[in-house]
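FYI, it's all coordinate maths here, none of it is from the lab. Being a predicted model, the structure only gives us computed values, none of them experimental. Here the Cβ positions follow ideal geometry from the backbone for every residue, glycine too, while neighbour counts run over all protein chains shown.
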Amino acid sequence: MSPTTRRRSPRPAALSPLLLLLLLLLLLAGCGVRPTGVIGAGKPPTGLTKGLRLYFVSGNGRLEGVSRPGVEIRSLDDALKFLAEGPTEAEQERGLTSMLSSLSFDVTADGTKLTARSPDASGTGGRREDLANGQLVCTLARAQSVLQPRIRPDEVQVTLVREGTPMGPYRCSQFLDN
């Protein structure tokens, strides 16, 4: 007769209470990052946002872009209509205003090159006209980038034509640095 051998099935090893306590302490210890106080991160991020932006003049005589979230435009003329409405009441309370009078503009576009003609405008020169031109150029550049997403606003060049005399081409950055 051959002796029968019994095979033992492997039993899960029981964790000793000491080993279990050690694992629990390691889990509770975390990764070693200690809490800190508030850390200043500087100014909020700046740069281009998506969607339509209109440009108005701030109390310190500089251009300031304001977002119009949710506003859809189908043409550059649409952007000019929003610009002609001027700043909202809240924006006016922040000191924003418009230097553009109720002039009409006919705008044509060829990719990054825009032409804005105003048959009834005359150039008077000076800081006020520079700000008005900046409002127009920056708003149109941003609108063109909304209508043509592959075009960045800083690539757009706008020529202004008043009384048959072309001025420019201008880029928005020329007015934002003043």
TODO: Determine, for each peptide in 106-112, 133-139, the mean count of other beta carbons within 10 angstrom over its residues, then list the peptides with the highest first.
DONE: 133-139, 106-112
Open item on the list: Starting from a Cα-only point model with no solvent, please compute log10 I(q)/I(0) by Debye for the range 53-176 at q = 0.12, 0.16 1/Å.
Closed with: -0.39, -0.71
- [ ] Counting other beta carbons within 10 Å of each Cβ, put Phe82, Phe56, Phe105 in order, fewest first.
- [x] Phe82, Phe105, Phe56
Task: Ascending count of other beta-carbon atoms within 10 Å, so fewest first, for Met99, Met167 - done: Met167, Met99
Task: Ranked Asp78, Asp154, criterion: other C-beta atoms within 10 Å, fewest first - done: Asp154, Asp78
- [ ] Among Leu147, Ala79, Ser173, flag the residue with its Cα farthest along the positive direction of the charge dipole of the range 53-176, charges on Cβ as +1 for Lys/Arg and -1 for Asp/Glu.
- [x] Ser173
Open item on the list: Run the simple label-point estimate for Gln92 and Leu18 please: 7 Å along Cα→C-beta, distance reported in nm.
Closed with: 8.1 nm
